[in-house]
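Below is one structure; the comments refer to it alone.
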Amino acid sequence: MKRILLSNKNCINVLLGLIVSLFVACTSKEKQRLLQIENVLEESPDIAWAMLSQDENRLSKYSKSDRMKYLLLRTEAMNNLNSATL
């Protein structure tokens, strides 16, 4: 029974990976980058902060909605970094 549960979890993970991959393939490079940063943010806010800092000079190429998402992720990364140091 345990093997069946593990295989079901693996199938779900594979399907989720495919869905995310398809979603990413249909979006712009900026949206892909923001999605990457969002995925990294919870586990490693310092890495997410570094990625956001690298993108700061390319912010003018982002659409308005992507700039808002960037600022939201930046604020969330700062909050996560501050809570980690307390």
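The values are calculated or read from the model by the stated rules, or taken from the named source; none is laboratory data. Since we're looking at a predicted model, the values are computed, not measured. Don't worry about glycine lacking a Cβ; one is built from the backbone with ideal geometry, like all the others, and counts go over all protein chains shown. To get the accessible areas, we keep the full protein, side chains included, count just its heavy atoms, and leave off ligands, DNA and RNA. Shrake-Rupley method; radii C 1.70, N 1.55, O 1.52, S 1.80 Å.
Which ones in segment 58-86 are in contact with a helix residue (DSSP H, G or I) (Cβ under 8 Å, 6 or more places away or on another chain), small (G, A, S) and part of a helix (DSSP H, G or I)?
A77, A84
Please go through segment 29-44 and give me each residue that is among the aliphatic types (A, V, I, L, M) and either farther than 17 Å from M68 by Cβ or more than 8 Å from the chain's Cα centre (by Cα) (or both), ordered by number.
V40
Answer yes or no: is there a residue in segment 18-33 that is at pLDDT below 70, open to solvent by less than 100 Å² (accessible area, probe 1.4 Å) and not in a helix (DSSP H, G or I).
yes
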